[in-house]
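A short worksheet on the structure shown next.
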Amino acid sequence: MYSFDHPIERRHTHSVKWDETERFFGVRDVLPMWVADMDFPAPPAVIEAITKRTEHGIFGYTAIPYSLKEAISDWLKTRHRWTIRPEWLSFSIGVVPAIATAITAFTAPSDRIVVFSPVYPPLFQLVEKNSRELVTSPLLLTKKGYEINWEDVQEKLKGAKMLLLCSPHNPSGRVWTKEELIKLGTLCVENNVLVVSDEIHADLTLPPFQHTPFASINDAFADISITCVAPTKTFNLAGLQCASIIIPNNQRKKQFDAAQQRQGFFTLNTFAVIGAEAAYRHGSDWLDALLAYIQQNIEQTCSFLNTFLPKLHPIRPEATYLVWIDCRELGMEEQQIKQRLLQKGKIAVEMGSKFGKEGTGFIRLNVACTRQTLQEAFHRLVIAFDQKS
Ligand SMILES: Cc1ncc(COP(=O)(O)O)c(C=O)c1O
């Protein structure tokens, strides 16, 4: 019913991924497999809703309707078995700005904020840019994949004000189990640590893995939680800029809203409202089809690497379309890997150190593209790491 194989030209659309590659990487004509958006059109229902709204022709200030809050609540209940109250919802133009607001609303300069590393860069950058003390707890890479270092995080949460949790985790692709979240949440409750749970990748959890919203576990966790979700990764709507923040503690919700008002934020743009509601109401089948396509792309990537580049070890993601690849067996410096990828292979990926020093020696490959593009990427990876040249 839905096809993800149809190639669509994205150049000359002001796409960060396709049009800004040269600016970011300094090399022309490289295949962009870096920034986390997808080369697929949004669900048909979203395109229809936006087209209809566009035809109206008047784009004045747009309110956030109750129907959008209902659509989000229904989505969380059906897809993630989490019952929220619509009044717990706030909105933002993005998860990153929302996290920045949470940091300034609930912590003071020099307060300690814990993040697991390697992690999506803005999580630690926002802590530093807001002059809070960054406390990193490096994840352990075991045969089972990335795991939390419990002894380490237990120590580091003592005296901390906030934990920025990425759940599911980018770049490792881990979907934290309910047991892990219970252990973590219990430590946070004991230490009076607020949990900002960035769950933007939740909808991209790949079966049979199951995402557990942190705040859904029990009332004590809900009380210390600020959860960020968004339709933007799920339905490829990053350019519409829309995120929802769920804060069950009424007092804290008021503090968050007041902080947003101090920043001058009041409402979303017209297309964010229309697109988000259409996606949450009508995007479920499309998402299931997308996940099946992504699973296949991941499968193909892992088997390609195992066969043709056995020194590159993919950490199979449990969520997301981002494949985190361990390149340490190559025995090359990151700069050399980057050079080979860009100059020889003509392919742009994210270099691991961008995600914290624990990411050095890894690369992150975005496989949310057509099979045709994926094959082209494989071809370029082989050229990049060809031992003979
Ligand atoms: C973990 C995580 N959080 C947030 C974002 C970006 O969110 P937004 O565009 O809503 O600011 C990304 C994008 O890659 C992400 O991976």
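The values are calculated or read from the model by the stated rules, or taken from the named source; none is laboratory data. Keep in mind it's a predicted model, so treat the numbers as computed, not measured. Glycine gets a Cβ as well: all are built from the backbone with ideal geometry, and neighbour counts include every protein chain shown. Ligands, DNA and RNA are excluded from the accessible area calculation, which covers all protein heavy atoms including side chains. Shrake-Rupley method; radii C 1.70, N 1.55, O 1.52, S 1.80 Å.
Quickly run through segment 233-249 and pick out the residues that are under 17 Å from residue 74 (Cα atoms) and open to solvent by 10 Å² or more (accessible area, probe 1.4 Å). Give the steps one after another, and end with the answer.
So the first thing to find is which residues in segment 233-249 are under 17 Å from residue 74 (Cα atoms), and the list is 234-235, 243-248.
Passing the criteria: only 248.
Could you please find all residues in segment 182-194 being crowded, with 23+ Cβ neighbours inside 10 Å and either on the phi > 0 side of the Ramachandran plot or within 16 Å of the ligand (Cβ to nearest atom) (or both)?
Scanning segment 182-194 gives no hits.
Give me the pairs: first residue in segment 102-118 and within 25 Å of residue 244 (Cα to Cα) and in the same structural domain as residue 198 (by TED's automatic domain parsing), second residue open to solvent by 30 Å² or more (accessible area, probe 1.4 Å) and among the hydroxyl-bearing types (Ser, Thr, Tyr), beta-carbon distance under 6 Å, and six or more apart or on different chains, which are they?
115/136; 117/136
Within segment 272-306, how many residues turn out to be touching a Cys at 6+ places or on another chain (Cβ under 9 Å) and either within 20 Å of residue 60 (Cα to Cα) or not assigned by TED's automatic domain parsing to the domain that holds residue 378 (or both)?
Selection size over segment 272-306: 4.
Could you check segment 339-362 and list, in sequence order, the residues that are surrounded by fewer than 19 Cβ atoms within 10 Å (Cβ to Cβ), without any contact (Cβ under 8 Å) to a residue 40 or more places away in the chain and under 16 Å from residue 384 (Cβ atoms)?
339
In segment 171-178, is there at least one residue being more than 22 Å from the chain's Cα centre (by Cα) and in contact (Cβ under 8 Å) with a residue 24 or more places away in the chain? Give the derivation first.
Going residue by residue through segment 171-178, those that are more than 22 Å from the chain's Cα centre (by Cα) are none.
No, the conditions are met nowhere in segment 171-178.
Among residues belonging to segment 129-154 that are among the hydroxyl-bearing types (Ser, Thr, Tyr) and open to solvent by less than 70 Å² (accessible area, probe 1.4 Å), point out the one that is nearest to residue 184 (Cα to Cα). Can you show your working first?
Filtering segment 129-154 down to residues among the hydroxyl-bearing types (Ser, Thr, Tyr) leaves 131, 136-137, 142, 146.
Next cut, open to solvent by less than 70 Å² (accessible area, probe 1.4 Å) only: 136-137, 142, 146.
Working: 136: 15, 137: 12, 142: 19, 146: 15 Å.
Per the criteria, the residue is 137.
Which of the residues spanning segment 290-327 are in a helix (DSSP H, G or I), open to solvent by less than 30 Å² (accessible area, probe 1.4 Å), more than 16 Å from the ligand (Cβ to nearest atom) and out of contact with any Pro (no Cβ under 8 Å at 6 or more places or on another chain)?
Scanning segment 290-327 gives 290, 293, 297, 304.
For residue 137, are the conditions met, namely being within 15 Å of the ligand (Cβ to nearest atom) and closer than 23 Å to residue 202 by Cβ? So that I can check it myself, show each step before the final result.
Numbers: within 15 Å of the ligand (Cβ to nearest atom): no; closer than 23 Å to residue 202 by Cβ: yes.
Judged against the criteria, residue 137 is not a match.
Within segment 20-53, can you find the residues that are without any contact (Cβ under 8 Å) to a residue 40 or more places away in the chain, farther than 20 Å from residue 365 by Cβ and not hydrophobic (A, V, I, L, M, F, W, C)?
Selection gives 23, 28, 51, 52.
Can you pull out every residue in segment 2-23 that is within 20 Å of the chain's Cα centre (by Cα) and open to solvent by 60 Å² or more (accessible area, probe 1.4 Å)?
16
Residue check: is residue 163 more than 12 Å from the ligand (Cβ to nearest atom), open to solvent by less than 30 Å² (accessible area, probe 1.4 Å), in a helix (DSSP H, G or I) and modelled with pLDDT of 95 or more? I'd like the intermediate steps shown before the answer.
Values: more than 12 Å from the ligand (Cβ to nearest atom): yes; open to solvent by less than 30 Å² (accessible area, probe 1.4 Å): yes; in a helix (DSSP H, G or I): no; modelled with pLDDT of 95 or more: yes.
Here the answer is no, as residue 163 does not meet what is asked.
Of all residues in segment 168-181, count the ones that are more than 9 Å from the ligand (Cβ to nearest atom) and open to solvent by less than 10 Å² (accessible area, probe 1.4 Å). Write out each step before concluding.
Residues of segment 168-181 that are more than 9 Å from the ligand (Cβ to nearest atom), as a first pass: 172-181.
This time we only want the ones that are open to solvent by less than 10 Å² (accessible area, probe 1.4 Å), so: 172-173, 175-176, 181.
Looking only at that region, the number is 5.
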